[in-house]
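A.B. asks: Here's a structure for you.
The values are calculated or read from the model by the stated rules, or taken from the named source; none is laboratory data. Everything numeric here is computed off the predicted structure, so don't read it as measured data. Cβ coordinates were reconstructed from backbone atoms using ideal geometry, including for glycine residues, and neighbour counts include every protein chain displayed. Remember, those area values only see protein heavy atoms, side chains included, never the ligands or the DNA or RNA. Shrake-Rupley method; radii C 1.70, N 1.55, O 1.52, S 1.80 Å.
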Amino acid sequence: KNIVILISGGGSNMAAIVRAARQQDWAGRHGIRVAAVLSNREAAAGLAFAREQGIATEVLDHKAYPSREAFDAALAQAIIAHDPALVVLAGFMRILTPAFVERFAGRLVNIHPSLLPAFTGLDTHQRAIDAGCRFAGCTVHEVTAELDVGPILDQAVVPVLPGDTAQTLAARVLAQEHVIYPRAVLAHLLQK
Ligand code: GRF
């Protein structure tokens, strides 16, 4: 079973999944491997990590396509080439068209840095702090056509501490993302 991971930046969630797969021997025990890491940004730092791990990488620059539909069609082709059992969005900062989401329905997941359904969209940490939340967290969910909604697969909660900034809270949440994402990806693939 192949996993294809999509990133746009640091790719720390992708790295956490790659490390878990290696440390827990997903390939030997479950026949699960990370087949490719794709990005819409050549500068994505996560690409270097993937290449060091010997994982196939590919960059599709969304600015090189005439429309969102054209980019998504090219992205879908690049993904299909790896015969994915699961497509993992990990810090992938593109809104995907309904046609793309439909094509991968049931095998497309994302991680969002809030306790969904609270705080869909961007700037989740600052918004939680501004709202006076005592807790924040992250959510792994199935991707549907509506942004940051979809069946919840896993969550983790962290305290919002006095004096927290968006940066300090983001770091605390990110550490939990690295715990729940590998766990949720494996669970999703083992259920199939
Ligand atoms: C994380 O906050 C994640 O929740 C969001 O993108 C941010 C960066 O993730 N999806 P990564 O370090 O690129 O995996």
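A.B. asks: At what distance in nm do the modelled label points of Ile152 and Glu52 sit from each other, each positioned 7 Å from its Cα along Cα→Cβ?
C.D. replies: 3.5
A.B. asks: Tell me the carbon and sulfur percent of the accessible area for the range 37-186, rounded to whole percent, probe radius 1.4 Å. Write down the numbers at each step before the final one.
C.D. replies: On the way: 4190 of 7150 Å².
Percent of accessible area from carbon and sulfur atoms in the range 37-186: 59.
A.B. asks: Please report, for the Cα atoms of the range 31-89, the Rg to one decimal and the Dmax as a whole number; what are they, in angstrom?
C.D. replies: 11.9, 38
A.B. asks: Then there is this: Go through Thr97, Thr57 and list them by solvent-accessible area, largest first, probe radius 1.4 Å. Working shown, then result.
C.D. replies: Details: Thr97 10, Thr57 45 Å².
My answer, sorted largest first, is Thr57, Thr97.
A.B. asks: On to the next question. Tell me, what is the percent relative contact order of the chain, built from C-alpha pairs under 8 Å that lie six or more residues apart?
C.D. replies: Details: 352 pairs, mean separation 39.4, N = 192.
Taking the mean separation of contacting Cα pairs over the length of the chain, I get 21 percent.
A.B. asks: Would you mind checking which residues have amide H under 5 Å from Gly137's amide H? H placed 1.01 Å from N; only 5 or more apart, or other chain.
C.D. replies: Leu115, Val158
A.B. asks: Moving on. Rounded to the nearest 500 deg cm²/dmol, what is the calculated helix-only ellipticity per residue at 222 nm for the chain, with -39500 (n - 2.57) per DSSP H run of length n ≥ 4? Can you show the working numbers first?
C.D. replies: Working: 7 runs with 76 residues, N = 192.
Calculated from helices alone, the mean residue ellipticity at 222 nm is -12000 deg cm²/dmol.
A.B. asks: Among bridges DSSP assigns within the chain, what percent are antiparallel (round to 5)?
C.D. replies: Working: 11 of 29 bridges.
If we restrict to bridges inside the chain, about 40 percent are antiparallel.
A.B. asks: Taking every eigenvalue of the Cα gyration tensor of the chain, multiplying by 5 and rooting it, what semi-axes result, largest first, whole Å?
C.D. replies: 26, 20, 16
A.B. asks: A further question follows. So if a site counts as exposed when it's one of the GluC sites (Glu not before Pro), its DSSP state isn't H, G, I, E or B, and it has at most 11 other Cβ atoms within 10 Å, what's the longest stretch of the chain without one? Before the final figure, lay out the partial values.
C.D. replies: Numbers: sites that count: Glu42, Glu146.
Result, exposed sites excluded: 43-145.
A.B. asks: At 1.4 Å probe size, with every protein chain present, just tell me what the per residue accessible area of the chain comes to in Å².
C.D. replies: I get 47 Å² per residue for this part.
A.B. asks: Percent of Cα-Cα pairs per 5 Å bin, from 0 to the last occupied bin, for the range 1-54, please list those.
C.D. replies: 5, 22, 32, 23, 12, 6, 1
A.B. asks: If contacts are Cα pairs under 8 angstrom and at least 6 residues apart, what is the relative contact order of the range 33-122 in percent? Write out the running numbers ahead of the final one.
C.D. replies: Details: 79 pairs, mean separation 19.7, N = 90.
Relative CO of the range 33-122 lands at 22 percent.
A.B. asks: Take the Cα atoms of the range 119-192, find their three principal axes, and give me the spread along each one in whole Å, biggest first.
C.D. replies: 44, 25, 16
A.B. asks: If one takes the longest principal axis of the Cα atoms in the chain, at what angle in degrees, from 0 to 90 and to the nearest 10, does the Cα axis of helix 166-191 lie?
C.D. replies: The answer is roughly 50 degrees.
A.B. asks: Right, here's the next one. Keeping all protein chains in the complex and leaving out DNA, RNA and ligands, what accessible area do you get for Val59 with a 1.4 Å probe, in Å² to the nearest 10?
C.D. replies: 40
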